[in-house]
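**Student:** Take this structure, written in structure tokens, and hold onto it; I'll ask about it next.
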Amino acid sequence: MSEAFGLDIGGSAIKAASVDVSTGELTSTRQTVATPDPSTPEALVGVVHRLVAERGWTGPVGATFPAVIKHGIARTAANVDRSWIGTDVDGLFTRATNCPVTVLNDADAAGLAELRFGAARDAPGDVVVILTLGTGIGSALFVGGKLVPNTELGHLELAGRDAEKDAAASVKDRQHLTWSEWVPRVQRYLSHLEMLFTPDLFVLGGGVSKESDQWVPLLDLRTPVRPAELLNDAGIVGAALAAAQQCGG
Ligand code: BGC
């Protein structure tokens, strides 16, 4: 069995577990702790150190981060503390854990997991768009099974606004929208993506994928739509996969 440790760092919670990267199964209990507020590098690095050390882990570690990650460095910070911009997240976590750490965008990680083990594992055709609808909108674009990293499609401008400010699941909660009030926003957004990419498949993830039967049938698109399957574990599993790949696993 080839194992890696996955950390899923989100705006409200950090989830961690070790993963069998050949099956996508968690090999330890999933641990969840609240994301420190403010979520500064100093505060977060302490939590990451503790989660890895408590498990006595010394192997490869993958960590998701809700930002553009280029060569391990955070280039944006839409939903985390702005002091992350320009931070070498990879280097910081590697020093804190004493393990080889691979950091990647959270939606890219969820996409890798869905493509390998989840809703897109037998994806038809070439172009697959995997979206996470949560605090923001994360995106993972795959072409011929290969990830095009950091696509940030949640920040497309639609009707003069950042798409995620209009259609993220957090907007539904904040504005107390019903499914039928929220779905037209998702529809407008997905129709726009459909026009840009002509995908073969959309996979829709994030917390709302648990209730997909309430809203996915209301969408009217040419592209097949599947709800994500890995739910709470997608980030952890995708981070572990990325770490194992980085270490030649
Ligand atoms: C960020 C992305 C992230 C997404 C989901 C967006 O606001 O810009 O990097 O993937 O939220 O967390």
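**Student:** Using beta carbons and a limit of 9 Å, which pairs, at least six apart or on different chains, have the first residue in the range 6-34 and in a strand (DSSP E or B) and the second one within 14 Å of the ligand (Cβ to nearest atom) and open to solvent by 70 Å² or more (accessible area, probe 1.4 Å)?
**Tutor:** Matching pairs, first to second residue: A34/S12.
**Student:** Here's a follow-up. Kindly list the number of the only condition in (1) within 12 Å of the ligand (Cβ to nearest atom); (2) among the β-branched types (V, I, T); (3) out of contact with any Leu (no Cβ under 8 Å at 6 or more places or on another chain) that fails for V143.
**Tutor:** Among (1) within 12 Å of the ligand (Cβ to nearest atom); (2) among the β-branched types (V, I, T); (3) out of contact with any Leu (no Cβ under 8 Å at 6 or more places or on another chain), the lone unmet condition for V143 is (1).
**Student:** Here's a follow-up. Would you confirm, using the coordinates I've provided, whether G138 is within 11 Å of the ligand (Cβ to nearest atom) and either outside any helix (DSSP H, G or I) or more than 15 Å from the chain's Cα centre (by Cα) (or both)?
**Tutor:** yes
**Student:** Quickly run through the range 92-110 and pick out the residues that are more than 10 Å from the ligand (Cβ to nearest atom) and part of a helix (DSSP H, G or I).
**Tutor:** L92, F93, T94, R95, A96, T97
**Student:** Based on this model, can you work out whether K165 counts as within 20 Å of G111 (Cα to Cα), open to solvent by 30 Å² or more (accessible area, probe 1.4 Å) and of a type in the set (K, R)?
**Tutor:** No, not satisfied.
**Student:** What are the pairs with Cβ atoms under 7 angstrom where one residue, in the range 165-192, is aromatic (F, W, Y) and the other, located anywhere, is not in a helix (DSSP H, G or I)? Sequence gap at least six, or different chains.
**Tutor:** Correct list of pairs: Y189/L158.
**Student:** Just give me the residues in the range 33-84 being of a type in the set (K, R) and either surrounded by 15 or more Cβ atoms within 10 Å (Cβ to Cβ) or away from the ligand (no atom under 16 Å from the Cβ) (or both), in sequence order.
**Tutor:** R50, R55, R75
**Student:** Something else now. Has the range 119-131 got at least one residue that is modelled with pLDDT of 95 or more, in a loop (DSSP other than H, G, I, E, B), more than 16 Å from the ligand (Cβ to nearest atom) and open to solvent by less than 40 Å² (accessible area, probe 1.4 Å)?
**Tutor:** Among the residues of the range 119-131, at least one is modelled with pLDDT of 95 or more, in a loop (DSSP other than H, G, I, E, B), more than 16 Å from the ligand (Cβ to nearest atom) and open to solvent by less than 40 Å² (accessible area, probe 1.4 Å), which makes the answer yes.
**Student:** Kindly list the number of the only condition in (1) touching a residue at least 60 places away in the same chain (Cβ under 8 Å); (2) buried (at least 16 other Cβ atoms within 10 Å of the Cβ); (3) not β-branched (V, I, T) that fails for L92.
**Tutor:** (1)
**Student:** Let me ask you something else. Hey, can you tell me all the residues within the range 148-162 that are within 11 Å of the ligand (Cβ to nearest atom) and either open to solvent by less than 40 Å² (accessible area, probe 1.4 Å) or more than 14 Å from the chain's Cα centre (by Cα) (or both)?
**Tutor:** Result: N150, T151, L153, G154, H155, D162.
The values are calculated or read from the model by the stated rules, or taken from the named source; none is laboratory data. Note that the structure is a prediction, hence the values are computed from the model and not measured. Because the Cβ atoms are built from the backbone with ideal geometry, glycine has one as well, and the counts that use them run over all protein chains shown. The accessibility values were calculated without ligands, DNA or RNA, using every heavy atom of the protein model including side chains. Shrake-Rupley method; radii C 1.70, N 1.55, O 1.52, S 1.80 Å.
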